[in-house]
Structure formats: structure tokens, C-alpha cells
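Chemist: Okay, here's the structure, questions in a sec.
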Amino acid sequence: MPILVPTPIKVQPPPMALEHPVPIVHPHMGQPPHPMSPGGYMEPELTPEMLAQGWRKYWSKREVRPYFWNKNTGESLWDLPSLKPQFDPITDPLGISGPGIPPPPTAMPQGVKRRSSEDGIGSPLPKKMAFAGPWDLDVNTNVIIYVRNPSNLLPPHPLIESYRCTLAHKLRVCYQELCHSREGIDAPKDSFNRWLMERKVIDRGVDPLLPSQCYPEISMCMYREIMNDIPIKLIRPKFSGDARKQLSRYAEAARKMIESRNASPESRKVVKWNVDDTFNWLRRTVGSSFDDYQDRLAHLKEQCQPHLTETVKQSVEGICLKIYNLSCEYAKKIREKHLELLKEHGLPEPIPHNGGNRKVPCYPVQFSIPGLRLPQVEYLTEKEQSLLRFQGETLCINTLHLQKLEFLYRMSCYDDKKLEFFLMRAWILLKRYNTYMANSHSTQTSLPITVLECLNQQFGVTFECFASPLNCYFRQYCSAFADTDSYFGSRGPILELKAVAGSFAAHPPYSEELMEAAVNHFERLLAESDEALSFVVFIPEWRDPTPAALIKLEASPFKRRQVVVPNYEHEYRHGFQHVLPKSEVNLKSAHDTLVVWLQNDAGYLMWGPVEKKVVSLLESFRIGRERERDRQELLSPQRTSEPPPDKIVP
């Protein structure tokens, strides 16, 4: 496992030995490759063009021979590398417009670095570049998309992000106060997070976090969740005594609400009669069973809830509308402040660009304007965690996850090859997700590692539709925030990705509107593509009532198979796995999980859910399977055959 070096030591290369450089050490990476021994085996010197492309020559004490390593791409070869055509990584990140497009990697290129002892034993495998951890960042994508327009999102800056997060916190506090003062209830748990997700499905505004241009303005998601807690929040009691108390509390709250509001005479009559009848039943009945109390509560709610809903409808709609209007106002303030900052740095406002219809391998989101110059951030270590501090605010992350972020950053960020802004952009990323999740992990759990491994091996999955740089398993994924996440490999929101081919895993957050929009998007992509396209979808099997997304999935013409994983017989990974100790990451699932394969004909032929593969997937879901994997990997590691090039031990 790579170890962070808290104090970097920079060594300038000798002026007359460019073919034997000593690379500069970044403060958050390990030691560089061992330099070429002056008296070692001589090879043709690297040309200035090769040096400009990042190639360096080093000496391997283990193999007693030189090798070549590219500091820009991480490529490692035994033989002298050949020159590749130059291209602009900003305007043409894939080198599509440049001459000499390399062929797809159907066969291993000559000169791939390997041990001498492996010569003649089959075809050599490419050297693993990622370090060990609960992910596999070496997997290459099989996803093909159409060329996308550069994003018009404004480049992130810590001062703007702090301002945005302050306003988002104010909006969350206002929501709680409105629910308490107007309806006498606490804001429903996680409802604000689900409101953000639901709004972003239809939002056409420019702020990445706060909705600012939605129609309709009143969110049915927020409206529905507030109504569910009126007149009181109902929970599943454990004992008959608790069920009796809840029935009494509901009846009393219903009577108080109907008397204090401007209700119609008919509603007052119906609610009061049913409440009085319930209290009379409670006085006559002593020691009733748990089911009796629950049945009585269900009957009382069925009789009273329509009248209570009609009475408070205007008030609840007012809460939803006020929160949305405040969000629009805050988004406008953030935009104005951000544009002022761009003007101070001499950068223009983003200009729309026209895309194309070329098919290319999926690549991270690119921006239409360059990034801002960012301030420095303090870096501290504390046991197995790293602390990033900016203007007195400290954000925490596990050291292993910070190293993962650095690897993703090296692979995906083209405007900061020296990693000058890595820590600052990591701080912005943590700030955004801390504000977005706000101590709520239930909507942000991720699939177990064993399940993702099985999906890759059995169904060719190389891409996650709903992930983040903090919890992704592959290095290619879609996430909620393109502006902060694209530096770490994000392909942007899944609803904006026009995929043509590839195999995907989709485990959406628990927002009914987002799940339904995702299913509609998948079906549209499957209908438009003749190439192999597959989506393995994981959603909760809720049946009371059944969500629209679940109905659409089961009735989809692209559905090839579905299976159900029973509740409490499988696990998920915690939404805060990047800050929790390893022993607290896995959580038992309290609900059944429905797994559905959506595939077109070509996708079914390539990755069809045959019985043997489905059984393997269900086995990978078993509780404790991930811990067994960790023990097995510790005893006989399979993915750590060689360290990355900057961790080579001579």
C-alpha cells in the first residue's frame, strides 16, 4: 500500500544527464522510480522529442536491465518507445483530430514491460498501475459515446464553494423552521436531499447544486413527504403499548389540526366523529392486541387523512414554493459572485459550443473555459486519516481514499500535470459532498466490492452510472457534479450521457423521480443503438405503493431477466466510507433489492444473464462475502503483482 510522504524533497536533475533524470517527488506520492545507474547497461539515448512527451529511462536492479517510463501517461516499457503524434489534451483529449490514431488494444503491443522470467510464457499482461484498495482502477472502459460539447459550468473555486455551501445550509435550516412553525412537525428525514435530486432531474439552471429553473415550481416529492408526516410522523411500533400510544397521539393531533385550521364544515364533522369514536373505543378496550391497534389506526387514517390533506394543502404548497424561490435567489447570488471572480482573473464567460456525431471512447467532462488559479491548502495527517484545512475549516478523508483521488486526478486532469491544485480541488470536492449529503448516508450507499467484481467478470461491466470520486469502483463513472468531479474522472450526470455501446451498473440513489428518469433514459439509449449495450439495474423492491420506476422496469421491452435479493441477506457500503474505519463500512440492507438486466439484442448476445452468471452474482451479494475476499487477497494477493511505476522497489 502506498504511503504518503508528509515532507517532499525536490531534487533537480543533473544538467548533463537528461537520460537519467531524478523526478520531482509530489508531497502525496511515494518515491519515484530508481534512476538509471551511470555505469549500467547502455541503450540509445532518448531524443528531445521523447523527453518532451514524458519518456524517461531507468535502471531495474531486479531485472538488471533498463526500462522506460512515461511520467505523463504512466506507461512502462522494456524496449525503446516510439514517438506518438502530439495533440492538445484540452481541445482534443483523445487525440481524435491528430494523425495516427492507435488501433484498439485487441492484442498486446510489443515492448510491454514484464519480468524476464515471464518471457515465453503466454502473452504478457499489461503492468498494473493502480495500488491495492477496495476498487479496481485498472479496468479500461468499453463504453462508446458521441463527442460531447465542452461544459459551460464555471470552474470551481474554494471561496465560491464556501459561499454556496453556506447558502445551502441556510436553505436546509429554513425548510426545518417552516415545517415546524406551519405544520408542527420536523422536516421529514432525508426529504431535502431527495428534493435536490428530484429538482435536478428537471432543472435547467446553471448552478450545479441548487435548483433554479424548474417546472413545475412546486415539488411533488417534497409535498408528498411533508403530507406523509401530517398530523404526526407514523413509525412501526414494536409493542402493543407503543401501538396504543401512537393511535391516541394520531387522534389527538388530527382533532387539534382540524379545529385550528380553516377547514370545511364537512371535514370538521367527519374528523371529529372518527376521533371521538376512536377515543371511546380506547376507553372501552383494555389489553387489545398489537394488530387491533394497528388496524384501528389504519381505519382512522383512511377516514381522516383526505380531509386533513385538503385542509393543509395550501400551507404545504406554500412551504415547497418558498424553498424553491429561495433556492433560485441563492443560485443567482452565487452566479453573480462567480462571474465577478472570473472577471477579476481576466476570464470570459462561457460560450456555447457545437458538438459532433463522432463515436469515441467515453472520456471525462471537459470545460469551455480554463480553471482559476487556486490558493494553497494545509495538509495534515492523523493516523490513517488526512486533514485538509482552508481558512480555518478542516475536512477529513481516509488517507487511502486521498491516494485514490490522486490517482484519478493524474489519469483525468489535463490542466494540472504538476498537481499544484490537487489538494485544493480535493478540498472543494469534500466540501460539496459534505453539504450535499449532510449526515445522511441512506440515499448514497454503494454496491459491495464483490458484486462489482462479479459484474465486471461475468457481465463485462466497466462503468458505474451513479457514483462519485469518493466511492467509485471503476475509474470511469457518472456522478452528480460535473464541475468538481470531472477533475477526478467523472463523465458528468448519467442523464446527460449519450452512450452508444458498453456495459453499465446502475444503482441509483433512493429518489423515485430520479430512478424513473434513469429507467426512461436507459430505454431510450437501448432503442437508439444497434451496438452491444447493457444496463444492470439495482433498485429497492418497494411494493406499498409500487414506485413508477419499478413498474417501468418490470414492463420494459428490454428486460432480459430479474431476480430479487432478500432483505437482511445482503449488504451495501456506507455512504461515508471515505471517512469511516474499514470495520464500519458494510451495512445490512433493510429492504429487498431487485436486480434487472436491460439489454438490446447485441448486448444480450454478449452479456446475457445466463443462469450460471446470475448465481455468481447472487453469491457475491452474500453477507460476509466482502470480508472473505479481503482475507483471501491478504493471503494470496492477485491484483498487486507489481507496484505502480512511482513505487518500484529496485
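Chemist: How many residues, within region 540-560, are free of Cβ contacts under 8 Å to residues at least 40 places away in the same chain, among the charged types (D, E, K, R) and under 24 Å from LEU497 (Cα atoms)?
Modeler: Of the residues in region 540-560, 2 are free of Cβ contacts under 8 Å to residues at least 40 places away in the same chain, among the charged types (D, E, K, R) and under 24 Å from LEU497 (Cα atoms).
Chemist: Just one of SER267, SER248 is among the hydroxyl-bearing types (Ser, Thr, Tyr) and buried (at least 17 other Cβ atoms within 10 Å of the Cβ); which is it? Break it down into steps so the answer makes sense when it comes.
Modeler: On the way: SER248 fails: buried (at least 17 other Cβ atoms within 10 Å of the Cβ).
So the residue among SER267, SER248 that is among the hydroxyl-bearing types (Ser, Thr, Tyr) and buried (at least 17 other Cβ atoms within 10 Å of the Cβ) is SER267.
Chemist: Within region 56-69, does at least one residue satisfy the condition of being at pLDDT 50 or above and under 33 Å from the mean Cα position of the chain (by Cα)?
Modeler: To start, the set of residues in region 56-69 that are at pLDDT 50 or above comprises 56-69.
Still in the running and under 33 Å from the mean Cα position of the chain (by Cα): 69.
Checking region 56-69: at least one residue is at pLDDT 50 or above and under 33 Å from the mean Cα position of the chain (by Cα).
Chemist: Inside region 226-264, can you point out the residues that are part of a helix (DSSP H, G or I) and more than 21 Å from VAL316 (Cα to Cα)? Let's see the steps before the verdict.
Modeler: Narrowing region 226-264 to residues part of a helix (DSSP H, G or I): 226-228, 240-260.
If the condition is that a residue be part of a helix (DSSP H, G or I) and more than 21 Å from VAL316 (Cα to Cα), then SER240, GLY241, ASP242, ALA243, ARG244, LYS245, GLN246, LEU247, SER248, ARG249 are the ones that fit.
Chemist: Give region 410-435 a look and list any residue that's within 28 Å of GLU626 (Cα to Cα) and surrounded by fewer than 20 Cβ atoms within 10 Å (Cβ to Cβ), or say none.
Modeler: MET411, ASN434, listed by residue number.
Chemist: Then there's this: Can GLY502 be described as of a type outside the set (Phe, Trp, Tyr) and either under 13 Å from the mean Cα position of the chain (by Cα) or more than 20 Å from ASP138 (Cβ to Cβ) (or both)? Break it down into steps so the answer makes sense when it comes.
Modeler: On the way: of a type outside the set (Phe, Trp, Tyr): yes; either under 13 Å from the mean Cα position of the chain (by Cα) or more than 20 Å from ASP138 (Cβ to Cβ) (or both): no.
Considered against the rule, which asks whether it is of a type outside the set (Phe, Trp, Tyr) and either under 13 Å from the mean Cα position of the chain (by Cα) or more than 20 Å from ASP138 (Cβ to Cβ) (or both), GLY502 comes out as no.
Chemist: Return yes or no: is ASP203 within 29 Å of the chain's Cα centre (by Cα), without any contact (Cβ under 8 Å) to a residue 24 or more places away in the chain and surrounded by 15 or more Cβ atoms within 10 Å (Cβ to Cβ)? Walk me through how you get there before you give the answer.
Modeler: Values: within 29 Å of the chain's Cα centre (by Cα): yes; without any contact (Cβ under 8 Å) to a residue 24 or more places away in the chain: yes; surrounded by 15 or more Cβ atoms within 10 Å (Cβ to Cβ): yes.
Yes, satisfied.
Chemist: Scan region 288-346 residue by residue and report those that are closer than 30 Å to ASP242 by Cα, of a type in the set (A, V, I, L, M) and in contact (Cβ under 8 Å) with a residue 24 or more places away in the chain. Lay out the reasoning, then the answer.
Modeler: Of region 288-346, the ones closer than 30 Å to ASP242 by Cα are 288-313, 316.
Checking the rest, the ones that are also of a type in the set (A, V, I, L, M) come to 297-298, 300, 308, 312, 316.
Answer for region 288-346, where residues must be closer than 30 Å to ASP242 by Cα, of a type in the set (A, V, I, L, M) and in contact (Cβ under 8 Å) with a residue 24 or more places away in the chain: LEU297, LEU300, LEU308, VAL312, VAL316.
A quick yes/no check of all residues on (1) surrounded by fewer than 15 Cβ atoms within 10 Å (Cβ to Cβ); (2) within 39 Å of the chain's Cα centre (by Cα):
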| position | (1), (2) |
| --- | --- |
| GLY287 | yes, no |
| ASP291 | yes, no |
| ARG296 | no, no |
| GLU302 | yes, no |
| GLU317 | no, yes |
| LEU326 | no, yes |
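Chemist: Also, I was wondering about something else. If I go through region 153-197 residue by residue, how many of them are within 25 Å of ILE428 (Cβ to Cβ) and charged (D, E, K, R)?
Modeler: Taking region 153-197 first, the residues within 25 Å of ILE428 (Cβ to Cβ) are 153-175, 190, 192-197.
If we keep only those that are charged (D, E, K, R) too, we end up with 161, 164, 170, 172, 190, 194.
Going through region 153-197 one residue at a time, the tally reaches 6.
Chemist: Sticking with this one: For region 590-621, name all the residues that are without any contact (Cβ under 8 Å) to a residue 60 or more places away in the chain, more than 30 Å from ASP530 (Cβ to Cβ) and in contact with a strand residue (DSSP E or B) (Cβ under 7 Å, 6 or more places away or on another chain).
Modeler: HIS591, ASP592, THR593, LEU618
Chemist: Within region 157-196, take every residue that is among the β-branched types (Val, Ile, Thr) and without any contact (Cβ under 8 Å) to a residue 12 or more places away in the chain and give me the one that is surrounded by the most Cβ atoms within 10 Å (Cβ to Cβ).
Modeler: Let us first name the residues in region 157-196 that are among the β-branched types (Val, Ile, Thr), namely 160, 166, 173, 185.
Now drop any that are not without any contact (Cβ under 8 Å) to a residue 12 or more places away in the chain, which leaves 166, 173.
Working: THR166: 13, VAL173: 11.
It comes out as THR166.
Chemist: Right, TYR572: within 15 Å of VAL451 (Cα to Cα) and either surrounded by 15 or more Cβ atoms within 10 Å (Cβ to Cβ) or free of Cβ contacts under 8 Å to residues at least 60 places away in the same chain (or both) or not?
Modeler: On the way: within 15 Å of VAL451 (Cα to Cα): yes; either surrounded by 15 or more Cβ atoms within 10 Å (Cβ to Cβ) or free of Cβ contacts under 8 Å to residues at least 60 places away in the same chain (or both): yes.
Taking the combined requirement at face value, the residue satisfies it.
Chemist: Of these, PRO609, PRO650, which one is in a loop (DSSP other than H, G, I, E, B), farther than 22 Å from PRO134 by Cα, at pLDDT 85 or above and out of contact with any Asp or Glu (no Cβ under 8 Å at 6 or more places or on another chain)? Spell out how you get there, then give the answer.
Modeler: On the way: PRO650 fails: at pLDDT 85 or above.
Being in a loop (DSSP other than H, G, I, E, B), farther than 22 Å from PRO134 by Cα, at pLDDT 85 or above and out of contact with any Asp or Glu (no Cβ under 8 Å at 6 or more places or on another chain) holds for just one of PRO609, PRO650, which is PRO609.
Chemist: Determine, yes or no, whether GLY346 is among the small types (Gly, Ala, Ser), at pLDDT below 90 and surrounded by 13 or more Cβ atoms within 10 Å (Cβ to Cβ).
Modeler: Values: among the small types (Gly, Ala, Ser): yes; at pLDDT below 90: yes; surrounded by 13 or more Cβ atoms within 10 Å (Cβ to Cβ): no.
No.
Chemist: Related question: If you check VAL563, VAL537, which single one turns out to be among the aliphatic types (A, V, I, L, M), out of contact with any Asp or Glu (no Cβ under 6 Å at 6 or more places or on another chain) and touching a residue at least 60 places away in the same chain (Cβ under 8 Å)? Break it down stepwise before answering.
Modeler: Values: VAL563 fails: touching a residue at least 60 places away in the same chain (Cβ under 8 Å).
Only one candidate qualifies: VAL537.
Chemist: Still on this model: Inspect all residues belonging to region 47-54 and state whether any of them is in contact with a Pro (Cβ under 9 Å, 6 or more places away or on another chain), modelled with pLDDT under 55 and either surrounded by 13 or more Cβ atoms within 10 Å (Cβ to Cβ) or not in a strand (DSSP E or B) (or both). I'd like the intermediate steps shown before the answer.
Modeler: Let us first name the residues in region 47-54 that are in contact with a Pro (Cβ under 9 Å, 6 or more places away or on another chain), namely 50-51, 53.
Then keep just the ones that are modelled with pLDDT under 55; that gives none.
There is no residue in region 47-54 that is in contact with a Pro (Cβ under 9 Å, 6 or more places away or on another chain), modelled with pLDDT under 55 and either surrounded by 13 or more Cβ atoms within 10 Å (Cβ to Cβ) or not in a strand (DSSP E or B) (or both).
Chemist: For LEU400, all conditions in the list (1) under 29 Å from ASP136 (Cβ atoms); (2) at pLDDT below 90 hold save one; what is the number of the exception?
Modeler: Against the list (1) under 29 Å from ASP136 (Cβ atoms); (2) at pLDDT below 90, LEU400 comes up short only on (2).
Chemist: TRP273 is checked against (1) aromatic (Phe, Trp, Tyr); (2) more than 17 Å from GLN305 (Cβ to Cβ); (3) loosely packed, with under 14 Cβ neighbours inside 10 Å and fails just one. What number does that condition carry?
Modeler: Result: TRP273 fails condition (2) only.
Here's the yes/no breakdown for (1) more than 23 Å from PRO493 (Cβ to Cβ); (2) modelled with pLDDT under 85; (3) surrounded by 14 or more Cβ atoms within 10 Å (Cβ to Cβ):
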residue	(1), (2), (3)
ARG335	no, no, yes
GLU340	yes, no, no
ASN354	no, yes, no
ARG358	no, no, no
GLN366	no, no, yes
LEU374	yes, no, yes
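Residues are listed down the side, and each one gets a yes or a no for (1) within 21 Å of ASP136 (Cβ to Cβ); (2) among the hydrophobic types (A, V, I, L, M, F, W, C):
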{"site": "LEU587", "(1), (2)": "no, yes"}
{"site": "HIS591", "(1), (2)": "no, no"}
{"site": "LEU594", "(1), (2)": "no, yes"}
{"site": "ALA602", "(1), (2)": "no, yes"}
{"site": "MET606", "(1), (2)": "yes, yes"}
{"site": "LYS613", "(1), (2)": "yes, no"}
{"site": "PHE621", "(1), (2)": "yes, yes"}
{"site": "ARG625", "(1), (2)": "yes, no"}
{"site": "GLU633", "(1), (2)": "yes, no"}
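Chemist: To continue, here is another question. Quick one: GLN562 ticks every box in (1) modelled with pLDDT under 95; (2) of a type outside the set (A, V, I, L, M, F, W, C); (3) over 21 Å from the mean Cα position of the chain (by Cα); (4) in a strand (DSSP E or B) except a single one, so which number is it?
Modeler: (1)
Chemist: Continuing with this model, one more query. Could you tell me how many of the residues in region 490-509 are farther than 15 Å from SER479 by Cβ and either free of Cβ contacts under 8 Å to residues at least 60 places away in the same chain or surrounded by fewer than 20 Cβ atoms within 10 Å (Cβ to Cβ) (or both)?
Modeler: Residues that pass the stated criteria total 2.
The values are calculated or read from the model by the stated rules, or taken from the named source; none is laboratory data. Small disclaimer: the values here were computed from a predicted structure and weren't measured. Heads up, the Cβs are rebuilt from the backbone with ideal geometry, glycines too, and the neighbour counts pull from every protein chain shown.
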